[in-house]
1. Kindly indicate which of Tyr283, Tyr272 is in a helix (DSSP H, G or I), buried (at least 20 other Cβ atoms within 10 Å of the Cβ) and of a type in the set (Phe, Trp, Tyr).
2. Could you look through the range 131-169, keep only residues that are more than 29 Å from the chain's Cα centre (by Cα) and in a helix (DSSP H, G or I), and pick out the one that is farthest from Val254 (Cα to Cα)?
3. Determine whether the range 293-304 contains at least one residue that is surrounded by fewer than 19 Cβ atoms within 10 Å (Cβ to Cβ) and more than 18 Å from the chain's Cα centre (by Cα).
4. What is the residue count in the range 192-209 for residues that are out of contact with any His (no Cβ under 7 Å at 6 or more places or on another chain) and assigned to a helix (DSSP H, G or I)?
5. Kindly evaluate Leu255 against the criterion of being among the hydrophobic types (A, V, I, L, M, F, W, C), in contact (Cβ under 8 Å) with a residue 60 or more places away in the chain and surrounded by 15 or more Cβ atoms within 10 Å (Cβ to Cβ).
6. Give the residues of the range 258-269 that are in a helix (DSSP H, G or I) and crowded, with 20+ Cβ neighbours inside 10 Å, sorted by residue number.
7. Search the range 291-315 for residues that are more than 30 Å from Tyr270 (Cβ to Cβ) and charged (D, E, K, R) and pair each with any residue that is buried (at least 16 other Cβ atoms within 10 Å of the Cβ) and at pLDDT 70 or above when their beta-carbon atoms are under 9 Å apart and the residues are at least 6 apart or on different chains.
8. Of all residues in the range 224-246 being closer than 14 Å to Ile196 by Cα and among the hydroxyl-bearing types (Ser, Thr, Tyr), which is surrounded by the fewest Cβ atoms within 10 Å (Cβ to Cβ)?
Amino acid sequence: MHTTDVNEVEQDKKRKFINKLKKQSIYQLMVLPGVILMIVFNFLPMYGIIIAFKDYSVLGSIAEADWVGLEYFREFFGDSTFWNVMKNTFGISFFKLLVGFPAAIIIAVMIHELLNAKLKKVVQTVSYLPHFLSWVILGGMFITWLSDAGLVNNILMDIGMIDKPIRFLTDPNKYWTIAVLSDVWKEVGWNTILYIAAMTGINPALYEAAKIDGATKIEQIIHITIPSIRHIIALTFVLSVGGLLGSNLDQTLVLQNPVNYQTSEVINSYVYKMGIQQGDFSYATAVGLFISVVSLVLVVGSHLVTKTISDESVF
């Protein structure tokens, strides 16, 4: 192909691109504020990541701080609390995923199978409600309910299951269970939205054909409903694995106390305390950067696994 022909092809591509932008100008303007906010609050602050490799102090600028290389990373890995914090973070997040991920799918299927439209709306609304309550409110509720003289202990004692109050909040061995179940209760309804939306797009004729063939309701769910939303399931799984290290900071700060500190301290709360409370911003940034890299690896790894299993990309 001659140089002239190549130039004509490139110019034709540019014209098509410009014409496409003109046709989508309204949509581009609608997206523009979001893009600007993302650049200002997500991309520009990334410059501050370099303080993980510098001896930064709030009394000076980032540019003036001395380079220290990987000193803070070595300090973190050598910290006596490192393995305990990582164990708590992975443990709590893993069990949240293990319990919460299938629970959202099961509840979404149950809501989808409700025949009464009004009842379905009520159930959906009630299941979504806890998501909109802050952990400050929910934490106060759980602390009240789980105290020695709280609702849970009173009920268990009234029905004769226990003779004396259970130390829910002051027993470190019970913190993981409380953190997992309370988080699942708060978010499981909200996590059903994508699944329910995907289920509404399933062709009703598939269910009719299955009924004619004698398939039970369980068989219809297994062979029609679940396969029809497998791409949404894979997508949410990848996103959930990517957030495996992002244990809820609000929940930790509300439910944590000096007695359960050993089992409640997670990466986010550790970074918060080192950075905000103690002012060691370089060290906190190094820890946060390490967690971000690990999260990226988890996202890519889970994406490759789901892609290998389904032979299709979820993105």
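The values are calculated or read from the model by the stated rules, or taken from the named source; none is laboratory data. Not measured: the values here are computed from a predicted model. Cβ sites come from the backbone with ideal geometry, for glycine too, and all protein chains shown count toward neighbours.
1. After applying the criteria, what remains is Tyr283.
2. Taking the range 131-169 as the starting set, the residues that turn out to be more than 29 Å from the chain's Cα centre (by Cα) are 148-151, 153-167.
Next cut, in a helix (DSSP H, G or I) only: 151, 153-158.
Details: Leu151: 19, Asn153: 20, Asn154: 23, Ile155: 24, Leu156: 25, Met157: 26, Asp158: 28 Å.
Within the range 131-169, the match that is farthest from Val254 (Cα to Cα) is Asp158.
3. Residues of the range 293-304 that are surrounded by fewer than 19 Cβ atoms within 10 Å (Cβ to Cβ), as a first pass: 293-301, 304.
In the following step, the residues that additionally are more than 18 Å from the chain's Cα centre (by Cα) were identified as 304.
Scanning the range 293-304, I find at least one residue that is surrounded by fewer than 19 Cβ atoms within 10 Å (Cβ to Cβ) and more than 18 Å from the chain's Cα centre (by Cα), so the answer is yes.
4. Quick first cut of the range 192-209, residues out of contact with any His (no Cβ under 7 Å at 6 or more places or on another chain) only: 192-195, 197-198, 200-209.
Now narrow it down to the ones that are assigned to a helix (DSSP H, G or I): 192-195, 197-198, 204-209.
So the count comes out to 12.
5. Judged against the criteria, Leu255 is a match.
6. Hits for the range 258-269 are Thr263, Ser264, Ile267, Asn268, Ser269.
7. Within 9 Å, the pairs are Lys307/Ala234; Glu312/Ala234; Glu312/Thr306.
8. Ser228
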